[in-house]
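Please read the structure below before turning to the comments.
The values are calculated or read from the model by the stated rules, or taken from the named source; none is laboratory data. Small disclaimer: the values here were computed from a predicted structure and weren't measured. Cβ sites come from the backbone with ideal geometry, for glycine too, and all protein chains shown count toward neighbours.
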Amino acid sequence: MYDTIALFIKLVETGNYTKAATMLNTSQATLSRKIQILEQELEVELVRRNNRVFELTEQGDLLYKRLVEPVKQLQVKLSDFNENKHAVRGTLKIALPAALSYELITPKISSFTNKYPEVKILLDYSSNPIDLMRNDYNIAVSTIMPISQTSKVRLLKTFNFKLYATPQYIERYGMLGQLDDIQQHKIIGLIGLDGNLRFSYPVKNLVTGVETVINHEANIYINNIIHGVQLAKTGHYIVGGWDELLTQELKSGELLPVLPEYIFGEMPCYLVRHNRAASNLENLFAEFLMKCFAN
């Protein structure tokens, strides 16, 4: 009956069957028939049919005045309900690699939370191997291929590991111009995920395609590239990293590429998700992450 009463109210407001039918995207005959059905259900005559002009009966006028505001309020509430039932809300627990997400993801998180203000995001910055089930993550970005067979894994991007130094370093210690001179320079070493110091690194010449392995023992080792960048900015060290991490430093000239024709290993980056059916919120955040890497 609600729908028919809403039609009746629209008819009264337009004062014309033809106009009301057009606005309601129906035919005049259909509208007239529904008004008659409403009259039968209420057992009263609502519209006078013996006049050329549209005119309500006393009962029709009373019905309109009593129901016009409640019906309109209900229409507003129904509209709000339909909008809100599609609103994105919920909580996501996300694992991100600390260094990799520093420039690529973290600065863009606000664009997601502004778009979906009812979403709560828990960000866990970690470079450790990821287990979605054990750590209760919804989604993870990882530079390590998960061992678990219960996850869906997608390669997002592969990053080239390169060397960088400040102009001050080059002024103090000279430019590292040849691969053979690497032992004479102060290059920050890396600590592996297993806690062991790395003494050898794969090297590939991007021009010739020749690959080899070099050995290098450093006097300082790190397990976080972000802090390695800060060490390099003192002007006393060469640091390994990738262009996407050092966007601002490379643009400003604060850091310069060293041996730019070489890469010292490749770092694949994976999107890790549960094998089960994903929620709409998980799908939206996964799309957001893929856009971060695509850009």
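A few remarks follow.
- Hey, L259 surrounded by fewer than 16 Cβ atoms within 10 Å (Cβ to Cβ) and either of a type in the set (S, T, Y) or in contact with a strand residue (DSSP E or B) (Cβ under 7 Å, 6 or more places away or on another chain) (or both) or not: no
- Every pair of residues 6+ apart whose Cβ atoms lie under 7 Å, when the first sits in the range 171-193 and is more than 30 Å from S126 (Cα to Cα) and touching a residue at least 24 places away in the same chain (Cβ under 8 Å) while the second is of a type in the set (V, I, T) and assigned to a helix (DSSP H, G or I): L176/I182
- The numbered conditions (1) over 12 Å from the mean Cα position of the chain (by Cα); (2) buried (at least 20 other Cβ atoms within 10 Å of the Cβ) are all true for C292 except (1).
- Scan the range 144-185 for residues that are under 39 Å from the mean Cα position of the chain (by Cα) and either modelled with pLDDT under 90 or not hydroxyl-bearing (S, T, Y) (or both) and the total you get is 22.
- Identity of the residue in the range 96-120, in contact (Cβ under 8 Å) with a residue 60 or more places away in the chain and among the aliphatic types (A, V, I, L, M), that ends up nearest to F288 (Cα to Cα): I105
Let's see how each residue does on (1) crowded, with 17+ Cβ neighbours inside 10 Å; (2) without any contact (Cβ under 8 Å) to a residue 12 or more places away in the chain; (3) of a type outside the set (G, A, S):
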site: G15; (1), (2), (3): no, no, no
site: L24; (1), (2), (3): no, no, yes
site: Q40; (1), (2), (3): no, yes, yes
site: V53; (1), (2), (3): no, yes, yes
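- Scoring E211 on the criteria (1) in contact with a Ser or Thr (Cβ under 6 Å, 6 or more places away or on another chain); (2) more than 14 Å from V258 (Cα to Cα) leaves a single failure, condition (1).
- Qualifying residue in the range 279-295 (condition: touching a Leu at 6+ places or on another chain (Cβ under 7 Å) and small (G, A, S)): yes
- From S148, S127, residue being farther than 20 Å from G228 by Cβ, in contact (Cβ under 8 Å) with a residue 12 or more places away in the chain and among the small types (G, A, S): S148
- Residues satisfying the criterion are absent from the range 62-82 (criterion: closer than 30 Å to I225 by Cβ, out of contact with any Cys (no Cβ under 7 Å at 6 or more places or on another chain) and of a type in the set (D, E)).
- Residues of the range 254-273 satisfying the condition of being in a loop (DSSP other than H, G, I, E, B) and touching a helix residue (DSSP H, G or I) at 6+ places or on another chain (Cβ under 7 Å): L255, L259
- Any hit, the range 26-37, residues being touching a Lys or Arg at 6+ places or on another chain (Cβ under 9 Å) and modelled with pLDDT under 85: no
- L190 being in a loop (DSSP other than H, G, I, E, B), surrounded by 15 or more Cβ atoms within 10 Å (Cβ to Cβ) and not assigned by TED's automatic domain parsing to the domain that holds A98: no
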